[in-house]
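To keep things clear, I will list the structure first and then write my remarks on it.
Nothing in this text is a laboratory measurement; each read-out follows from the coordinates by a stated rule. As the structure is a computational prediction, the values presented were derived from the model and not from experiment. Heads up, the Cβs are rebuilt from the backbone with ideal geometry, glycines too, and the neighbour counts pull from every protein chain shown.
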Amino acid sequence: MAITINLPTDEQTIRSLKIGDEVLLNGLIVTARDAAHKLMVTKKPKDLFPLLKGTIIYHCGPIVKQVNGKWEIVVAGPTTSMREEPYEDEVIKTYGIRGAIGKGGMGKRTLEACKTYGAVYLHTTGGAAAQIAQYMEEIVDVKYLEMGTPEAFWVIRVKDFPVIVTMDSHGNSLHETVDRESKAICEQLTKGKC
Amino acid sequence: MDPAKLESQLIELIRRSSTILPPDIVKALEDGYKREKAGTPAKGAMKAMLNSIKLSREGSLPICQDTGSLIFYFYYPDGEKILLVRKILESAVAKATDLNYLRPNSVDPISGFNPGNNLGPGALAVHYRPWNKKTWLVQMINKGGGCENVSAQMALPDTNLVAGRDLDGVYKAVMKMVYNAQGRGCAPGIACVGIGGTRDMGMALAKDQILRKLDDVNPDPELAKLEKKLYRDLNKLTIGPMGYGGKTTVLGVKIGKYQRHPATFYVSLAYMCWADRRCTMTISGNKASYEQ
């Protein structure tokens, strides 16, 4: 049974989640990928603080279009999260976000920050971009559009956006488990060091 | 080929490649979905993939928001005016971007400027291959950035892997590189491999394999055997769809070989995500037909 979470959310709610949980997200999420992470960590712009507190960011560079002056989502699947590994712990600490949605999982630094500050990593299906766009009701705002449409911060209202907890706030990571198990099999099959 | 028609024919090629997944890939995903255990994230992910493919096909929506780096192959009657074709191609790419078939994916690495049209130095990979036929054949691939990041190259021998300069060494290298990719290249992917060549030619050869259909048979019996063995063993790694764990880690393995320099032995892996977008256009007279 999926757990519904309304955004913005709080530490207690996030701490109740564990890996393997299915979650439906409602409310406002904010896209942030490579240039956005660099900006958040190096410049710390003031206008981003109220936008990000208690919310969940989405590692995504959507395809968008303008219809009668209003932005609309065309398709919007996740991008690979590991590229944000050098920044994400600092983003969690600085802005009080409660998690990130992406694909492929993240590393030890992010896992540690999830534990310390109360955040989760939520996984969704890479490439299922048309399907995911169906959970997006509207684009509410956009910031730093000058970074290009894939890199801008898109503030999106979502309804029942399904994700899976693959890193929780108690130090557990599904990605670590899969990596460890597949490595053992790889070394057994190749009789070498993988 | 009619230059006046070529632009719209190329836009249609881009639309099809970006929005319609080839039937052999869809079939492999359907088989993978059946294989995964009910109630697992792996099965859920494959269901989402199959649903999304359908929505994309019906609505002419890009399958993935990352419409990739664009690779084109032009086979053309020797002696044609290729500079004009290049101009028409660039115009078609810019227009396809305006039509939202492509995301603007060309970024200056130093300034970060994105011109918004997918053009600029080195933005398009275009291979020109004159041949002795009267028809034109144009093929394209949308190569995603996520699966490009997990693509890799190893120089053999490798001491840690105990991988020598032979087919067994190639087997071990591919196993290791796909293990390293985990789910980050949007598994279940297609392991496209080039053996030999220089570093750049070897990787280009690996990318050429993306164009092969999943059910084709490698004309080289030794490579055909290795493809089968790797397909079986890569799917034992339990990385699974999106790296959730599961039975379907790759949808296929395709291998090509080039002559190598005596001092080098490269194994190049062009990992292609499950959204394996490719399309072929044939132009006969001034009429275009498409096949995926």
Discussion item. Using 0.36 nm times the number of residues separating residue B:78 and residue B:228, minus their current alpha carbon distance, what extension gain do you get?
Written reply: 50.3 nm
Worksheet item: Using only helices, what value at 222 nm comes out for chain B when you add -39,500 (n - 2.57) per DSSP H run of length 4 or more and divide by the total residues, to the nearest 500 deg cm²/dmol?
Response: -12000 deg cm²/dmol
Worksheet, complete the sentence: Scaled by the rule-of-thumb 2.2 N^0.38 Å, the alpha carbon Rg for chain B gives a ratio of 1.01
Worksheet item: Relative contact order for region A:3-190 using alpha-carbon pairs under 8 Å, separation at least 6, rounded to a whole percent?
Response: 29
Practice prompt. Under a 10 Å cutoff between Cα atoms, tell me which one of B:246, B:197, B:59 has the largest fluctuation in the Gaussian network model of chain B.
Written response: B:59
Item to complete: Treat the count of other C-beta atoms within 10 Å as a stand-in for reagent exposure and order B:147, B:279 from fewest to most.
Response: B:279, B:147
Worksheet entry | Residue mean of other protein chain beta carbons inside 10 Å, A:144-154 | 3
Discussion item. With a cut-off of 8 Å between alpha carbons and a minimum separation of six or more residues, what is the relative contact order of region B:1-74 in percent?
Written reply: 38
Fill in: residue B:126-residue A:187 FRET efficiency (beta carbon distance; Förster radius 45 Å; 0.05 resolution)
0.65
Worksheet item: Using a simple spin-label model with points 7 Å from Cα along the Cα→Cβ vector, what separation in nm is obtained for residue B:119 and residue A:11?
Response: 5.4
Practice prompt. State the cysteines of the protein assembly as shown left without a partner when partners are defined as other cysteines whose beta carbon lies under 4.7 Å away.
Written response: A:60, A:114, B:64, B:192, B:279
Response to the item:
Along principal axes, largest first, the alpha-carbon spread of region B:164-292 in whole Å comes out as 50, 41, 25
Worksheet item: Which of B:111, B:60, B:69 comes first, and how do the rest follow, when ranked by fewest Cβ neighbours within 10 Å?
Response: B:111, B:60, B:69
Worksheet item: Among rounded, prolate and oblate, which fits the protein assembly as shown when a ≥ b ≥ c are the square roots of the eigenvalues of its C-alpha gyration tensor, a/c under 1.5 means rounded, and a/b larger than b/c means prolate?
Response: oblate
Discussion item. For a test of the definition: using alpha carbon positions, the gyration tensor, and the 1.5 limit on a/c, classify region B:72-160 as rounded, prolate or oblate.
Written reply: oblate
Worksheet entry | Cα-projected label distance for residue B:162 with residue A:53, points at 7 Å along beta-carbon direction, nm | 5.9
Fill in: Pair residue B:4, residue B:149: separation of 7 Å Cα→Cβ label points (nm)
4.7
Item to complete: Provide the FRET efficiency to the nearest 0.05 for the residue A:1-residue A:170 pair, computing r from the beta carbons and using R0 = 22 Å.
Response: 0.60
